[in-house]
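I have placed the structure first, in the form of structure tokens, so that the comments after it can refer back to it.
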Amino acid sequence: MKFMWGLLAGFALGVGVGLLLAPQSGEATRAQLGEQGIMLRDRSGKLPDNLRARAGDITGQLRTRANDAMEQGRDVYSRTKGDLSERYSKAKSGEL
């Protein structure tokens, strides 16, 4: 029960101090909050387009990297296959 009274007293004290030390009136604060809400709405309206553009850029970069990796893999495969074929031929003919 003491805790509840302390909680209520702290809440009342906080509200009182907040009202006394508020930098502007409630009307000005509501107007400022309304303006910030409009700015946030405008900003969030552009968000899907921005995300779509960034996703397209990232997709392109990933596709390029994947193609480069595939090309490097093919090059390594070709060189390794050539080297192994050459060694096999030499081993079969007794040159090794």
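The values are calculated or read from the model by the stated rules, or taken from the named source; none is laboratory data. These numbers were taken from a predicted model, which means no experiment stands behind them. Positions of Cβ are generated from backbone atoms using ideal geometry, with glycine treated the same way; all protein chains shown enter the neighbour counts.
List of remarks:
- Just one residue in the set Gln36, Gln61, Gln32 is free of Cβ contacts under 8 Å to residues at least 60 places away in the same chain, within 17 Å of the chain's Cα centre (by Cα) and surrounded by 10 or more Cβ atoms within 10 Å (Cβ to Cβ); that residue is Gln61.
- Unmet requirement for Ser93, which otherwise passes all of (1) modelled with pLDDT of 90 or more; (2) polar (S, T, N, Q); (3) over 33 Å from the mean Cα position of the chain (by Cα): (1)
- Per this entry, Met1 is not counted among residues that are modelled with pLDDT under 90, under 25 Å from the mean Cα position of the chain (by Cα) and among the hydrophobic types (A, V, I, L, M, F, W, C).
- Look at (1) surrounded by fewer than 10 Cβ atoms within 10 Å (Cβ to Cβ); (2) touching a helix residue (DSSP H, G or I) at 6+ places or on another chain (Cβ under 8 Å) and you find that Ala22 fails only one, number (1).
- Of Glu71, Glu27, all but one fail to be of a type in the set (D, E, K, R) and at pLDDT below 90; the exception is Glu27.
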